[in-house]
Amino acid sequence: MAASYPEDVLPDSSAKRQQFGNRFLSDPARVFHHNAWDNVEWSEEQAAAAERKVLENSAQRVPREKQVDYEINAHKYWNDFYKIHENGFFKDRHWLFTEFPELAPSQNQNHLKDLLSENRKNKIPECRSSEDGLGLIEQHKHSSNSLGHKTLMPPGETITQKLSQLDICAHEFPGSSATYRILEVGCGVGNTVFPILQTNNDPGLFVYCCDFSSTAVELVQTHSEYDPSRCFAFVHDLCDEDESYPIPRDSLDIIILIFVLSSIVPDKMQKAIDRLSKLLRPGGLMLLRDYGRYDMAQLRFKKGQCLSENFYVRGDGTRVYFFTQEELDTLFTTAGLEKIQNLVDHRLQVNRGKQLTMYRVWIQCKYRKPLLSSTN
């Protein structure tokens, strides 16, 4: 599914930005000295007011026929979104390397490489059919789109459609020679992918990125810094159990989910995470950042925009869910992953120019696939 909605864009910050949850407001008089404050405690009155607001705006549900339309035509709503906005308001997420150092060149990454080296030696991908989601059509490696940029397949064409043409051995999948592989699900226009590629010059790095929106993927593929030798962008529906990933099982070091899981129907979240967890190598990490319960965005919804409990539709037809820590923990542990981090931050964002304050609630998680995984 697609990500990068305007509400997800965080303020720009310097390379010395403090890690999530470490900038505290001890003196209320200094509230406008920074763009954001972490772990701002809510009063009992504020928490009660938020709960009342959610009860109020969820009392009237979207009619069933409209809910069906939002699900069936979800790709249309996200494509329209990206056609309207393109790169208009998106900002590269340089905060990624503070919150998720696993994405930047570091000792952490080298340590993970060493940790997984034995697994790689003993686990050589076997030759499988296209149904396993492996392979890359050679003739599309060097095709060009209308803007002259190399692309790995025509924008809008799904991996499954290409893989259905022939069977290919596992060693031929995109990035098969890489020593460190990252996948971002819900890549939007590349505001996570390109900072990773710009920051990490490791020749062994390969980044995969996918989005539900063919328009978003086309914007990534036609970006001036898109390099098919280091990155593979493709269209993929996170919820489609019949659509294969172009990556073998047990082959990824990192999977990134940034404000994307919240965009899918809650009933489909578990199977989506289950499928993704199978792509991780033992010891690999799944990194998530998403909306928390009672975030400002949830409180702003009007009556008639609620689809189901804590799940809403925006005016443009895109949808969003608001999580608790417990819900996310259940999703990941049920998929066989171990908790490394699961924290919620009540953040106070500040518009210093307009002297406005906005209360945000975000959840950040890191879950790891056990080294001795019993998952098939």
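The values are calculated or read from the model by the stated rules, or taken from the named source; none is laboratory data. What you see is a predicted model; the values in this text were computed from it and never measured. Reconstructed Cβ throughout: ideal geometry from the backbone, glycine too, with neighbour counts over all protein chains shown.
Numbers below:
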read-out	value
Residue under evaluation Val344, criteria (1) β-branched (Val, Ile, Thr); (2) farther than 25 Å from Ile72 by Cα; (3) surrounded by 20 or more Cβ atoms within 10 Å (Cβ to Cβ), criterion not met	(3)
Every residue from the range 33-54 that is surrounded by 15 or more Cβ atoms within 10 Å (Cβ to Cβ), among the small types (Gly, Ala, Ser) and either at pLDDT below 90 or part of a strand (DSSP E or B) (or both)	Ala36
Top-ranked residue in the range 298-340 [being in contact with a Lys or Arg (Cβ under 8 Å, 6 or more places away or on another chain) and aliphatic (A, V, I, L, M); ranked as nearest to Leu261 (Cα to Cα)]	Val320
Residue count for the range 55-77, restricted to those that are surrounded by 14 or more Cβ atoms within 10 Å (Cβ to Cβ) and farther than 17 Å from Gln305 by Cα	1
Residue check for Ile247: within 21 Å of Arg281 (Cα to Cα) and assigned to a helix (DSSP H, G or I)	no
Test result for Ile273, in contact with a helix residue (DSSP H, G or I) (Cβ under 7 Å, 6 or more places away or on another chain), within 18 Å of Tyr321 (Cβ to Cβ), among the β-branched types (Val, Ile, Thr) and surrounded by 23 or more Cβ atoms within 10 Å (Cβ to Cβ)	yes
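Yes/no matrix, rows are residues, columns are (1) under 14 Å from the mean Cα position of the chain (by Cα); (2) assigned to a helix (DSSP H, G or I):
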{"position": "Tyr208", "(1), (2)": "yes, no"}
{"position": "Ile255", "(1), (2)": "yes, no"}
{"position": "Ala297", "(1), (2)": "no, yes"}
{"position": "Phe301", "(1), (2)": "no, no"}
